[in-house]
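Comments concern the structure below.
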Amino acid sequence: MRINRIELKNFRNHRESAFDFERGINLILGENGSGKTSVLDAIGFALFNMKLRSDANNTLTMNESSGYVKVTFTG
């Protein structure tokens, strides 16, 4: 399986973010607290129903009542 794209809406500190992945190795770079780990958590949550490390109340961006994680991949 190869992940092509991930879209996040109100997932942790991502109000609206999208990431496109190329073939091969991809890097996620950013300052501390910018949401790098949240991208990895979102992939595990969406594809493997993994439990998030933090309290479920922290899954949605603060003051938001809904959100989503969308992962597009090829098999």
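Annotations
- Filtered residue count, the stretch 26-75, keeping only those that are among the charged types (D, E, K, R) and open to solvent by less than 40 Å² (accessible area, probe 1.4 Å): 1
- Count of residues meeting criterion [within 21 Å of Asn58 (Cα to Cα) and touching a Lys or Arg at 6+ places or on another chain (Cβ under 9 Å)] in the stretch 1-38: 12
- Spans of strands (runs of 3 or more DSSP E) in the chain with at least 1 residues more than 13 Å from the chain's Cα centre (by Cα) and at pLDDT below 95: 2-11, 68-74
- For Thr37, the test of being touching a residue at least 40 places away in the same chain (Cβ under 8 Å) and among the hydroxyl-bearing types (Ser, Thr, Tyr) is failed.
The values are calculated or read from the model by the stated rules, or taken from the named source; none is laboratory data. Please read these numbers as outputs of a predicted model, since none were measured by experiment. Quick reminder, even Gly has a Cβ in these numbers, built from the backbone with ideal geometry, and neighbours come from all protein chains shown. All accessible areas refer to the heavy atoms of the entire protein, side chains included, with ligands and DNA or RNA removed. Shrake-Rupley method; radii C 1.70, N 1.55, O 1.52, S 1.80 Å.
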